[in-house]
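The values are calculated or read from the model by the stated rules, or taken from the named source; none is laboratory data. The structure presented is a predicted model; accordingly, all values stated were derived computationally and were not measured. As a convention, Cβ positions derive from the backbone with ideal geometry for all residues, glycine included, and neighbour counts pool all protein chains shown. All accessible areas refer to the heavy atoms of the entire protein, side chains included, with ligands and DNA or RNA removed. Shrake-Rupley method; radii C 1.70, N 1.55, O 1.52, S 1.80 Å.
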Amino acid sequence: MKILDKYLLKTFFFTFTTVFVILFFIFILQTVWLFISELAGKDLDLILVVKFLLFSMPRIIPLVLPLSVLLASIMTFGNLAENYEFAAMKSSGISLQRAMRSLIIFIFVLSIVAFWFANNVIPYAEYKFVNFRKNIAQAKPAMAIAEGQFNDVGTYNIKVNKKSGKNGNHLTDVTIHEKANNMGENKTVIKAKTGELISNEKSSILKLVLNDGYYYQDVTPKKYEDRPKMPFIKGKFKTQIINIDLSELNKVDDSKESIDGTNAMLNVNELRYTLDSLSKNLDNEIVSFSENINQRVGIKKSYSSPQKNIKKKPLPNDLLSIYSNKDKVDILKMAGSNISSNIYSIETTQRDLKDKEREINKHYTALYEKFVIAFACFLMFFIGAPLGAIIRKGGLGLPIVFAVLIFITFHFINTFGKRVSQEGGMSPFLGSWMSSFVLSPLAILLTYRATNDNGLINFDAITTPISQLFQKISERFLPAQKQK
């Protein structure tokens, strides 16, 4: 390897590492902010917090890596151009493509590593992250109940004034509001002096033992005129046990993530196998429903050898005329009921099939994303390197502005394409690769202009036609004015 290649590779690697660490730290802070409600006030020890962050770190890589490559490329080549090192290279006969050769090999290796990381590490980390959030209550059940405030736990609102004990399992001054039929209406209020949380890692049931308390329960009378009397039941107890399902205890705002997480936990081979199964199941359901609805409406399969010799009796134009008025009413009611039932069945099945198509599109998107992240490293390098050589500015000023604008455009188009493709507005392939297709011409244009030593914008191409137009106008009208 020549001295020039070593110098460029060393400069780029140092800049890339520095930028990557800084951006990674910023995105980690964003992750902490997003999940602050699950970490703050839960009495979590340091080990659980570190595990939480470790499992969430790999999902940040697809955002940080392309942005780091883009910013490092602009800064590296911007510094070289600003310090006239590129001018020295070109005077020695070294072109931009020759200077980029060693870095292209580095980006190629980085893209392979990025694909391997997206295909193996991220699915495993996503699996551990989702299961860690769902099972964290088994490791420390008291973390779901913060002191001095009501905590929504399934069908219960629980408030404790103080927690004590090694794991915070001993509760003091417990107040519980029990909702009736999950309607959000508090029908029962339970108060106890002390309580204890008992759990087993092998069980999904959390046992809440209450001591020395009483409860109030509203009673809804059968007669409406008795409701203003507001009757209620009051009871007292020495010990009362409430069983809480841990799946309800862990009901955080990740319902959509838990659904999407199933495809994020799979690698390429598993995604292809799952997609094949989902597609076959969808086709089978469509065929089964079509046959079922045909049987409902009385449509039978046609046979290849119809019986032509059988003479059918002609039917009257008005079939209802052969029935009595009472039978007509019954027939029309039955027909209306069948039509309503069939319409409801079709609409329900249509929604179900649409949900399954959406799930298939999400799996396709997860499959293509593993290749998009590898290509994005190449794309951002071929945008950043020539852009840095053109603007001739290094440091953290102008390069950051260009990098942020380009990456926001890339991320917005990528997010928009994935959302539209998941809803069936376009194919998942086009939705996943839309950002790459849109920015690839920009990379080609910047590389071409940097190779030919052209500026970012060729103002001569804009001003020259305008000046020529004014010159022709002046030549046409000025001689006429001179003759007058």
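Things to note:
- Filter pass, LYS311 being modelled with pLDDT under 80, loosely packed, with under 10 Cβ neighbours inside 10 Å and closer than 30 Å to ASN119 by Cβ: no
- The residue that is nearest to VAL372 (Cα to Cα), counting only those in region 43-77 that are at pLDDT below 85 and surrounded by 19 or more Cβ atoms within 10 Å (Cβ to Cβ), is SER56.
- Some residue of region 86-99 being touching a helix residue (DSSP H, G or I) at 6+ places or on another chain (Cβ under 9 Å), among the hydroxyl-bearing types (Ser, Thr, Tyr) and part of a helix (DSSP H, G or I): no
- Test result for ALA99, among the hydrophobic types (A, V, I, L, M, F, W, C), open to solvent by 20 Å² or more (accessible area, probe 1.4 Å), within 28 Å of GLY388 (Cα to Cα) and over 32 Å from the mean Cα position of the chain (by Cα): no
- Residues being assigned to a helix (DSSP H, G or I) and open to solvent by 30 Å² or more (accessible area, probe 1.4 Å) - total across region 407-439: 16
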